[in-house]
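Visitor: Handing you a structure now.
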Amino acid sequence: MMLFKISIKNIKKSFSDYAIYFFTLVLGITIFYLFNSIDSQTALLEMNDSKKAIIKLLLAMLSMISVFVAIILGFLIIYANNFLIKRRKKEFGLYMLLGMGKRDISKILIGETMIIGAVSLIAGLIFGVFGSQLMSILVGKMFEADMSRFTFVFSKAATYKTILYFVFMYILVIIFNTGIISKVKLIDLLNAKKVTEQIKTKNPIISLFVFGISILMLGYAYIQVSLHSFDMQRKDIIIMIVIGCIATFLFYWSLSGFLLQFMKMRKRIYHKNLNMFVMRQLNSQINTNVFSMTVICLLLFITICVLSCGNAMNDAIKKDLRDSAPRDICIIKYFEDDLETMEEDKKEKELDKRTIKEQLLEEGFDSNNFQEDVVEGKVYTTDELTLELSFQKNKEEVKKQFPQLLWDAKEEIISLSDYNQLAASYGEDTLELSEGEFLMVCSFQTMKELREAYLKDTIISIDGKEYKSATSTCKQGYIQMSTSHTNIGVYVLPDSAFHTLENSSLELYSCIFSADYKGETEKEKQEVEKLISKFHGKNIITLTKIKLYETSVGLAAIITFIAIYLGIIFLISGAAVLALKQLSDSADNKERYRMLRKIGAENKMIRKALCQQIGIFFFMPLLLAMIHSIFGIWFSSNFLGGIISSFNLWTVIATTVFLVGIYGIYFLATYLESKRIIGFE
């Protein structure tokens with residue numbers, strides 16, 4: 001009981017020392033609860049089966065990621081405890097002088113860990129429960145769910161899971177702390193304040209040489225991911241990541257070796273105010289924290305990329321959907337060319353040639369369910385025009401970017417009148433063609449650029465007649481709806497090319513049907529949706545705006561939630577480690593700041609020096625991480641170009657501002673606490 005009281009008094013006495021540690025724990029627990037309580041939050045929302053399936057997938061992915069998040073937070077807690085123990089070694093030494101055994105000291109630490117853990121768990125769960133109500137609204141809006149049944153939700157499953165994970169972490173911390181105390185000696189504890197870290201002075205010339213090597217390595221990696229992202233295979237990407245990590249480590253390792261010498265050469269700056277003191281302190285911190293700064297820089301880099309790319313993908317997916325699915329329904333019927341010619345199959349083959357309109361009518365579907373502007377177009381293929389023939393001039397370049405492309409696949413061909421009908425129904429521009437010309441319609445940006453490389457000089461031959469490209473560029477457009485810009489190319493030929501098909505090499509490949517439902521309300525459209533879904537079969541694909549939208553929104557939601565979850569955890573982990581390290585250094589350097597006072601330095605000048613030192617130490621990893629992120633986001637933009645058409649720059653900027661804001665809060669809290677530690681209340 002007495003030891004427990006000592007634990008409580010220690011926490012009260014050192015509450016400010018635990019403030020950042022406690023804040024990080026509460027924030028981590030809150031975030032953990034929020035993302036693990038989504039199942040309870042969405043249970044009361046009215047959703048259809050498709051949306052529920054997406055939510056189920058999201059929950060499965062978040063559950064797996066939560067294990068990874070728990071590991072990160074576990075390392076963070078152990079790291080923080082290690083710093084707190086180092087600061088209290090003299091206190092533990094006094095306990096031993098007073099006759100207290102190591103086991104009793106361990107019990108005090110266990111008591112403190114249990115109290116801090118219990119309070120942080122309770123506080124984190126309280127914030128998490130109330131925060132989850134806002135999360136429910138966010139989920140409901142993202143999935144456009146019916147919020148009429150929305151009410152206050154408390155997730156028992158998320159609570160049990162959070163408690164289980166964090167109790168396990170605290171048990172590891174207790175074992176870790178007990179192990180440290182069992183190994184220490186009394187003399188080491190009493191002299192802990194007198195023992196200083198051995199700082200090895202690096203040769204400035206060697207450091208400058210290593211610095212140059214690190215810059216060259218980073219430059220090489222930046223160039224590769226910027227200019228050759230399309231050509232990169234998985235092993236190339238891994239190599240660039242390894243080069244980037246090694247170069248980042250060498251950058252910080254070499255910086256402490258010549259930074260001080262470089263500043264000494266700038267005498268007007270070096271001897272101004274307390275810059276001499278600041279630079280020496282900063283040089284010492286970088287020298288002893290090379291590995292930590294490297295890890296934190298890489299964590300921040302991942303945070304910026306994950307948050308920026310995740311949010312940008314979310315915005316782009318929704319934008320692409322609005323552009324690529326303008327009508328209520330698009331039906332594609334593929335015509336089989338391998339049916340048997342036996343007598344009993346002739347009827348089946350004949351029926352297979354029905355248009356979609358004819359098939360819907362014959363199978364009893366009421367055409368009054370559609371509005372009047374129903375259009376239908378036919379798509380053809382020919383052995384005379386394959387992907388290999390289209391790309392014969394730049395085949396090797398295309399192979400590098402699309403190694404899985406089937407070169408014997410036939411190109412799709414459509415008549416000008418059929419294309420213009422479909423384009424007009426989608427809200428796209430119609431085209432004009434002269435005899436002997438063709439136009440290439442494409443919406444997939446990467447493939448568009450590859451086709452345009454030789455499009456001006458391309459001449460195709462069908463049934464002995466040659467057609468040249470009417471323009472040197474591809475026309476933006478598509479013939480069937482999708483969730484994004486995925487049309488890799490369709491040839492548009494004059495109607496005269498299709499007048500005589502009996503002896504033509506052109507074969508009917510598919511029929512595309514486009515229409516809008518007559519129903520105006522969501523419920524009426526869902527009823528038509530149920531009826532039309534019956535016609536989805538072996539060779540018929542039905543693409544509806546409702547289904548495409550649900551799929552895209554679900555994908556966007558999964559990307560967004562995972563990006564926010566991982567991004568915030570990486571951010572608070574990196575910022576917390578920096579804050580704890582800086583607070584530990586401030587406690588160690590208390591006497592140095594007192595000496596500044598004694599030699600006549602003004603309090604205002606000392607506070608400014610402290611702010612500069614913490615600021616540079618905090619934002620040095622962030623600045624390099626932001627430079628890394630510029631090229632990382634550029635690479636992601638190119639690499640994901642097949643999924644989305646563009647990245648929203650403002651989304652990336654807004655994400656970075658948010659990140660700097662959270663990071664700034666940790667910096668401000670660290671500065672204020674450091675002021676208190678060195679005697680500036």
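The values are calculated or read from the model by the stated rules, or taken from the named source; none is laboratory data. No experiment lies behind these values; they were computed from the predicted model shown. In this analysis, Cβ positions are derived from the backbone assuming ideal geometry, glycine residues included, and neighbour counts consider all displayed protein chains. Please note that ligands, DNA and RNA were not included when accessible areas were found on the heavy atoms of the full protein model with its side chains. Shrake-Rupley method; radii C 1.70, N 1.55, O 1.52, S 1.80 Å.
Visitor: Asp39 is checked against (1) modelled with pLDDT of 75 or more; (2) open to solvent by 50 Å² or more (accessible area, probe 1.4 Å); (3) not small (Gly, Ala, Ser) and fails just one. What number does that condition carry?
Guide: (1)
Visitor: Another one. Given (1) out of contact with any helix residue (DSSP H, G or I) (no Cβ under 6 Å at 6 or more places or on another chain); (2) modelled with pLDDT of 85 or more; (3) part of a loop (DSSP other than H, G, I, E, B), identify the lone condition not met by Gln404.
Guide: All conditions are met except number (2).
Visitor: Another question, if that's okay. Tell me, please, whether a residue that is modelled with pLDDT under 75, open to solvent by 50 Å² or more (accessible area, probe 1.4 Å), over 17 Å from Phe618 (Cα atoms) and part of a helix (DSSP H, G or I) can be found in region 242-256.
Guide: Taking every residue of region 242-256 in turn, none turns out to be modelled with pLDDT under 75, open to solvent by 50 Å² or more (accessible area, probe 1.4 Å), over 17 Å from Phe618 (Cα atoms) and part of a helix (DSSP H, G or I).
Visitor: Which condition from (1) assigned to a strand (DSSP E or B); (2) more than 30 Å from Thr458 (Cα to Cα) is the one that Glu524 breaks?
Guide: (1)
Visitor: Continuing with the same structure: Go through (1) aliphatic (A, V, I, L, M); (2) over 36 Å from the mean Cα position of the chain (by Cα); (3) at pLDDT 85 or above; (4) part of a helix (DSSP H, G or I) for Val379 and report which single condition fails.
Guide: (4)
Visitor: Please work out if Leu282 is among the aliphatic types (A, V, I, L, M) and modelled with pLDDT under 75.
Guide: yes
Visitor: Separate question: Tell me which residues, restricted to region 409-451, are polar (S, T, N, Q), open to solvent by 70 Å² or more (accessible area, probe 1.4 Å) and part of a helix (DSSP H, G or I).
Guide: Within region 409-451, Gln421, Gln445 meet the criteria.
Visitor: If you don't mind, there's one more thing I want to ask. Show the residue pairs meeting these rules: Cβ distance below 9 Å; 6+ apart or different chains; first residue within region 214-228 and closer than 9 Å to Ile243 by Cβ; second residue acidic (Asp, Glu) and in a helix (DSSP H, G or I).
Guide: Cβ pairs passing all conditions: Gln224/Asp236.
Visitor: Please determine whether any residue of region 552-566 is among the β-branched types (Val, Ile, Thr), open to solvent by 40 Å² or more (accessible area, probe 1.4 Å) and in a helix (DSSP H, G or I). Reasoning before the result, please.
Guide: Here is the first cut: in region 552-566, the ones among the β-branched types (Val, Ile, Thr) are 553, 558-560, 562, 564.
Those left that are additionally open to solvent by 40 Å² or more (accessible area, probe 1.4 Å): 564.
Checking which are in a helix (DSSP H, G or I) leaves us with 564.
Checked region 552-566: at least one residue is among the β-branched types (Val, Ile, Thr), open to solvent by 40 Å² or more (accessible area, probe 1.4 Å) and in a helix (DSSP H, G or I).
Visitor: Could you list, in sequence order, the residues of region 487-523 that are without any contact (Cβ under 8 Å) to a residue 60 or more places away in the chain and closer than 15 Å to Lys545 by Cα?
Guide: Of everything in region 487-523, those that are without any contact (Cβ under 8 Å) to a residue 60 or more places away in the chain and closer than 15 Å to Lys545 by Cα turn out to be Glu520, Thr521, Glu522, Lys523.
Visitor: For region 589-615, how many residues meet the condition of being touching a residue at least 40 places away in the same chain (Cβ under 8 Å), within 43 Å of the chain's Cα centre (by Cα) and open to solvent by 10 Å² or more (accessible area, probe 1.4 Å)?
Guide: So the count comes out to 8.
Visitor: Moving to a separate point now. Can you name every one of the strands (runs of 3 or more DSSP E) wholly within region 452-513 that holds 3 or more residues which are open to solvent by 60 Å² or more (accessible area, probe 1.4 Å)?
Guide: Qualifying strands (runs of 3 or more DSSP E): 465-469.
Visitor: If you take the residues in region 328-339 that are touching a helix residue (DSSP H, G or I) at 6+ places or on another chain (Cβ under 9 Å) and not in a strand (DSSP E or B), which one is modelled with the lowest pLDDT?
Guide: Of region 328-339, the ones touching a helix residue (DSSP H, G or I) at 6+ places or on another chain (Cβ under 9 Å) are 328-333, 335-336, 339.
Next, only the ones that are not in a strand (DSSP E or B) stay: 328, 335-336, 339.
Working: Asp328: 85, Phe335: 81, Glu336: 60, Leu339: 39.
By that ranking, first place goes to Leu339.
Visitor: Looking at region 130-152, which of its residues are at pLDDT 70 or above, farther than 13 Å from Val26 by Cβ, open to solvent by less than 70 Å² (accessible area, probe 1.4 Å) and of a type outside the set (S, T, N, Q)?
Guide: If the condition is that a residue be at pLDDT 70 or above, farther than 13 Å from Val26 by Cβ, open to solvent by less than 70 Å² (accessible area, probe 1.4 Å) and of a type outside the set (S, T, N, Q), then Met135 is the only one that fits.
Visitor: Right, another one. Out of Ala312, Ala325, I need the residue that is modelled with pLDDT under 80 and open to solvent by less than 70 Å² (accessible area, probe 1.4 Å). Which one?
Guide: Ala312
Visitor: Taking interchain pairs and intrachain pairs at least six residues apart, which have beta carbon atoms under 6 angstrom, with the first residue in region 275-302 and assigned to a helix (DSSP H, G or I) and the second polar (S, T, N, Q) and surrounded by fewer than 20 Cβ atoms within 10 Å (Cβ to Cβ)?
Guide: Once the first residue is assigned to a helix (DSSP H, G or I) and sits in region 275-302, its partners that are polar (S, T, N, Q) and surrounded by fewer than 20 Cβ atoms within 10 Å (Cβ to Cβ) give Val278/Gln612.
Visitor: Restrict the check to region 532-541 and report whether at least one residue is part of a helix (DSSP H, G or I) and open to solvent by less than 10 Å² (accessible area, probe 1.4 Å).
Guide: Checked against the condition, which is being part of a helix (DSSP H, G or I) and open to solvent by less than 10 Å² (accessible area, probe 1.4 Å), region 532-541 yields at least one hit.
Visitor: Here's a check for you: in region 355-369, which residue that is without any contact (Cβ under 8 Å) to a residue 24 or more places away in the chain and within 14 Å of Phe513 (Cα to Cα) is most open to solvent (accessible area, probe 1.4 Å)?
Guide: Leu361
Visitor: Let me ask another. Please count how many residues of region 47-90 are open to solvent by less than 60 Å² (accessible area, probe 1.4 Å), at pLDDT below 70 and farther than 25 Å from Ser573 by Cα.
Guide: Residues flagged as open to solvent by less than 60 Å² (accessible area, probe 1.4 Å), at pLDDT below 70 and farther than 25 Å from Ser573 by Cα within region 47-90 amount to 4.
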